[in-house]
Amino acid sequence: MTMPLSIVITTYNREDELCRCINSIIKQEYANYEIIIVDDHSSQNYKENILSKYKDIKYIYQEKNTGPGIARNKGIQEAKFNNVIIMDDDDVFVEDAFEKINSFFYQNKDLDEPVYHFLCTTTKLNDHIDYRKYDFKEYLDGVITGDTVHVINKKVFCEKHNYAFPDSKIGAELLLWYKIIIEHGYSVVNKVIVKVLEDASNRLTNANKEITKVDLFAQYQRDIICKFEKDILQVGNINHLLTKYRGAIVYSLLEGNRKSAMEYMLKSLKYSKKQFAFIPLFILPKKYIAGMLRKYRN
């Protein structure tokens with residue numbers, strides 16, 4: 001017996017990658033699913049092209065670009081099945097992905113978490129058990145790193161706890177996961193279901209993109225600190241907090257907000273005098289800071 005799955009794929013200016021992702025779904029030896037595409041207002045609307053190639057797909061074209069968080073919320077809202085897979089358009093499912101999901105839930109019928117994190121080919125998990133719920137300290141300490149695929153339990157996620165992805169265009173996922181991990185733990189399933197591909201031309205995870213959208217990256221760092229500073233301190237991971245301070249300093253300087261950068265500079269010095277090494281950044285031109293960021297990220 002197979003459980004029904006809703007696959008929500010958000011897309012933005014990636015028609016070829018989206019087709020590749022859909023093909024990886026169609027190739028599955030699993031029939032009990034629906035595909036929901038949420039197009040976050042791509043500059044070239046390829047909705048009709050997709051619908052002409054693939055049947056029985058629900059395609060939602062957003063009237064304005066809202067970011068991945070709002071697009072994912074829309075997909076979850078439209079999903080008719082309880083188990084909702086959140087998928088990126090530039091990655092693909094491995095051959096037996098849905099069988100792995102089905103097998104896990106069939107063997108663990110008593111679980112009732114808001115979201116389950118399955119592994120990607122880039123995930124590193126310092127554990128060999130099939131399933132475990134980690135706490136916030138373990139998560140920050142790096143028991144698991146890299147990408148994961150999120151399977152939402154819609155009844156618990158939406159109806160019981162009213163969770164939703166934030167409207168932040170950068171970092172919406174992490175802001176949500178921090179909140180859920182603190183309140184429920186980090187439910188990890190030790191099964192690889194997605195192959196991560198890094199050939200998309202407009203990925204956010206590169207230094208040039210960070211520099212062109214520096215205001216969004218700066219706000220993301222500030223949001224993490226504002227919302228979760230106390231929780232991070234409570235589990236004793238000062239290094240993680242310092243990393244967020246450093247990010248806030250660098251991105252704030254790049255967006256020209258020296259006041260904000262100095263605020264986080266002073267906060268960071270309370271925990272580590274090594275942060276004095278960042279003082280010279282305050283007198284450097286932005287182009288040199290940007291060059292250093294590129295070198296560090298690459």
Hits among aspartates and glutamates - C-alpha to C-alpha of LYS213 under 17 Å, sequence gap 8 or more where chains match: ASP167, ASP223, GLU255
The chain: most fluctuating residue of VAL94, VAL189, VAL143 per GNM, C-alpha cutoff 10 Å: VAL143
Which of the chymotrypsin sites (Phe, Trp or Tyr not before Pro) found in the stretch 236-298 are loop residues per DSSP with 15 or fewer other Cβ atoms within 10 Å of their Cβ? TYR271
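Computing the accessible area with a 1.4 Å probe over protein heavy atoms, can you report the carbon and sulfur percentage for the stretch 220-286? If you can, show how the numbers build up before the last one.
On the way: 2080 of 3610 Å².
C and S atoms contribute 58 percent here.
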Within the stretch 99-152, list the trypsin sites (Lys or Arg not before Pro) lying in a DSSP loop whose Cβ has at most 13 other Cβ atoms in a 10 Å radius. LYS109
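Remind me, relative contact order of the chain in percent, using alpha carbon pairs under 8 angstrom and six or more residues apart? Display every interim value, and only then the final one.
Working: 472 pairs, mean separation 51.3, N = 298.
Relative contact order of the chain: 17 percent.
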Dipole-positive endmost among TYR139, GLN107, TYR288 within the chain (Cβ charges, Cα centre): TYR288
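At a 1.4 Å probe, what is the % contribution of carbon and sulfur to the accessible area of the stretch 84-158? Let's see the in-between values first.
Details: 1460 of 3360 Å².
Of all accessible area on the stretch 84-158, carbon and sulfur atoms account for 44 percent.
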For the chain, what is the accessible area per residue in Å² when the probe is 1.4 Å? 51 Å²
The helix 172-184 Cα axis meets the longest alpha-carbon principal axis of the chain at an angle in degrees, between 0 and 90 and rounded to 10, of 80 degrees
Under 13 Å from LYS55, Cα to Cα: aspartates and glutamates that are on another chain or at least 8 residues apart: GLU34
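Report the far tail of the P(r) of the stretch 157-298, meaning the percent of Cα-Cα pairs longer than 26 Å. Provide the component values of the computation, followed by the final result.
Details: 3394 of 10011 pairs.
The answer is 34 percent, as a whole percent.
What translational diffusion coefficient, to the nearest whole µm²/s, does the chain have by Stokes-Einstein, given a Kirkwood radius computed over alpha-carbon pairs, a temperature of 37 °C and 0.692 mPa s viscosity?
Numbers: Rh = 20.6 Å.
In µm²/s, the coefficient rounds to 159.
Magnitude of the Cβ-charge dipole of the chain, K/R +1 and D/E -1, about the Cα centre, nearest 20 debye? Provide the component values of the computation, followed by the final result.
Values: 43 positive and 40 negative charges, 295 e Å.
I would put it at about 1420 debye.
Based on the Cα gyration tensor of the stretch 103-225, what are the three equivalent ellipsoid semi-axes, each the root of five times an eigenvalue, rounded to whole Å and given largest first? Intermediate results must be reported in sequence, preceding the final value.
Working: eigenvalues 137, 67, 39 Å².
Largest first, the stretch 103-225 gives 26, 18, 14 Å.
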Cα long-axis angle, helix 97-107 against the chain (0 to 90 degrees, to the nearest 10): 80 degrees
Where the only charges are on Cβ atoms (+1 Lys, Arg; -1 Asp, Glu), what is the dipole of the stretch 1-155 about its Cα centre, to the nearest 20 debye? 420 debye
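At most 15 other Cβ atoms within 10 Å and a DSSP loop assignment: could you name the chymotrypsin sites (Phe, Trp or Tyr not before Pro) in the stretch 150-203 that fit?
Details: sites: PHE157, TYR163, TRP177, TYR178, TYR186; in loops: TYR163.
Filter output for the stretch 150-203: empty list.
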What residue among SER42, SER268, SER103 shows peak mean-square fluctuation when the chain is described by a Gaussian network model with Cα springs under 10 Å? SER103
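Rg to Rh for the stretch 106-176: what is it, with Cα atoms only and Rh by Kirkwood? Mind showing how you got there, number by number?
Numbers: Rg = 13.3 Å, Rh = 13.8 Å.
Rounded to two decimals, Rg over Rh is 0.97.
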Please give the helix 214-234 orientation as an angle from the longest Cα principal axis of the chain, in degrees from 0 to 90, rounded to the nearest 10. 90 degrees
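Quick one: grab the alpha carbon gyration tensor of the stretch 1-132, order the square roots of its eigenvalues as a ≥ b ≥ c, and give me rounded if a/c is under 1.5, else prolate or oblate depending on whether a/b is larger than b/c. Provide the component values of the computation, followed by the final result.
Working: a/c = 1.78, a/b = 1.68, b/c = 1.06.
In terms of gyration-tensor shape, prolate.
The values are calculated or read from the model by the stated rules, or taken from the named source; none is laboratory data. Computed from a predicted model, the values in this text were never measured in an experiment. With ideal geometry, Cβ positions are generated from the backbone for all residues, glycine too; neighbour counts draw on all protein chains shown. Quick note on the areas: whole protein, heavy atoms, side chains included, nothing else; ligands and nucleic acids left out. Shrake-Rupley method; radii C 1.70, N 1.55, O 1.52, S 1.80 Å.
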